[in-house]
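Novice: Below: one structure in structure tokens.
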Amino acid sequence: MNTVLQQKLNAYAMAAGCFLSFTKEAAGQVIYTDIEPDLVVDHALFAAEIDMDNNGVQDFFFHNNSFIYYDTSWLSFRTMKNIILGPDEIGNAFAGISNSFSTGYAEFTRYYPFALNNGSLIDELNTWQGTETQIMALRVYSDEGAVVGSGGYCYWFNFAIPETVDKYLGVRFKDSDGDSHYGWIRCDVLELGTVLVIKDYAYEVEPSYPIVAGDTAHFVGINSYDNTLACNVYSFRNKVYVSLEAGNNCRITIFDLQGKQAYTDILNGKQNCIELQVPSGIYMIKVEANTSVFAKQLFIASY
């Protein structure tokens, strides 16, 4: 694992320690695997597989593929080279989308896994694709060797995205008992979509429990709290509105999904409006008064 990522993880661990200290004890655990050296899929017909939970069953495959076909639109042969992946087991899936199109002669559907950012939440709300062939990078060559096409819907490589570094595949897989788990795999797609580098991966031990892309610690969500404080919280754009029955001396704390504190203050009054300057995203709002607590997840915009 590279030094920059290790520094990020160390910094997260320090921030998350404070965040986790006032939550109920988490039953889950994240299992992290560093691939040393990085797994490089860099030539045609090279394949690799990953066993997420090390139970002897391969969960996902990766393949650098190349084949020749006849293009009826141009009346000539074309060479297609792509990096594909897919689940090795029924029920496993990648977070991504599908796109259906017609060539005039036939209907096709292609599947494209997302290139998730660090900090993206991976859970049941993602769109999941379980088809056996999904595309990270696609290039089409003419007889003369010129690139004449790319996967316009590819999140990892296309004409507008020449390379992708340190993005995440969101994965869902079944264990030996048939329980589903969420996880992530960190990858690069380099050299104009010809090279895939697989760096590390992790999964949440607790079945069907969310995980945050890049994280190696258990995600703390709204279910970690028992709401015992009479409180109403909602957001509009970059403002958070808090209505309190008690009214005075309630502390509000706002965290992002990685446990980093974005705001804290004492609320004095039944109606409160807090204006934030934070990146758009989902945040955890926690309001405390003596031994009572209220917690909620909200989307907060940056404007």
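The numbers here are math on the coordinates, done by the rules we state, and not lab data. Being a predicted model, the structure only gives us computed values, none of them experimental. Note that each Cβ is placed from the backbone with ideal geometry, even for glycine, and that neighbours are counted across all protein chains shown.
Novice: Return a whole-number percent for the relative contact order of the range 27-212, with Cα pairs under 8 Å and 6 or more residues apart as the contact set. List each step's numbers first, then the result.
Specialist: Values: 490 pairs, mean separation 46.6, N = 186.
Contact order relative to length: 25 percent.
Novice: Restricting to DSSP loop positions (anything but H, G, I, E, B) with no more than 11 other Cβ atoms inside 10 Å of their own Cβ, which GluC sites (Glu not before Pro) remain in the range 144-201? Let's see the in-between values first.
Specialist: Values: sites: Glu144, Glu163, Glu191; in loops: Glu144, Glu163, Glu191.
Taking the range 144-201 and a limit of 11 other Cβ atoms within 10 Å, the loop GluC sites (Glu not before Pro) found are Glu144.
Novice: Please give the peptides 173-183, 192-202 ranked by average Cβ packing (other Cβ atoms within 10 Å per residue), highest first, as a rough proxy for protection.
Specialist: Numbers: 173-183: 17.0, 192-202: 20.7.
Highest-to-lowest ranking by the protection proxy: 192-202, 173-183.
Novice: In addition: Magnitude of the Cβ-charge dipole of the range 27-212, K/R +1 and D/E -1, about the Cα centre, nearest 20 debye?
Specialist: On the way: 9 positive and 27 negative charges, 162 e Å.
With Lys and Arg at +1 and Asp and Glu at -1, about 780 debye.
Novice: Please go through the residue pairs Lys199/Lys286; Lys239/Lys270; Lys81/Lys199; Lys260/Lys296; Lys167/Lys260 and name each one whose alpha carbons sit more than 27 Å apart in this structure.
Specialist: Values: Lys199/Lys286 35 Å; Lys239/Lys270 16 Å; Lys81/Lys199 22 Å; Lys260/Lys296 16 Å; Lys167/Lys260 21 Å.
From Lys199/Lys286; Lys239/Lys270; Lys81/Lys199; Lys260/Lys296; Lys167/Lys260, over 27 Å: Lys199/Lys286.
Novice: Relative contact order of the range 222-300: what whole-number percent is it, with Cα pairs under 8 angstrom and at least 6 residues apart?
Specialist: About 37 percent, as a whole number.
Novice: Classify the range 222-300 as rounded, prolate or oblate from the Cα gyration tensor: take a ≥ b ≥ c as the square roots of its eigenvalues, call it rounded if a/c is under 1.5, otherwise prolate when a/b beats b/c and oblate if not.
Specialist: Details: a/c = 1.79, a/b = 1.29, b/c = 1.38.
Since a/c reaches 1.5 but b/c is at least a/b, the shape of the range 222-300 is classed as oblate.
Novice: Now for a different question. Placing +1 on the Cβ of each Lys and Arg and -1 on the Cβ of each Asp and Glu in the range 27-212, which of Ile122, Ala146, Ala95 has its Cα farthest towards the positive end of the resulting dipole?
Specialist: With unit charges placed on the Cβ atoms, the residue in question is Ala146.
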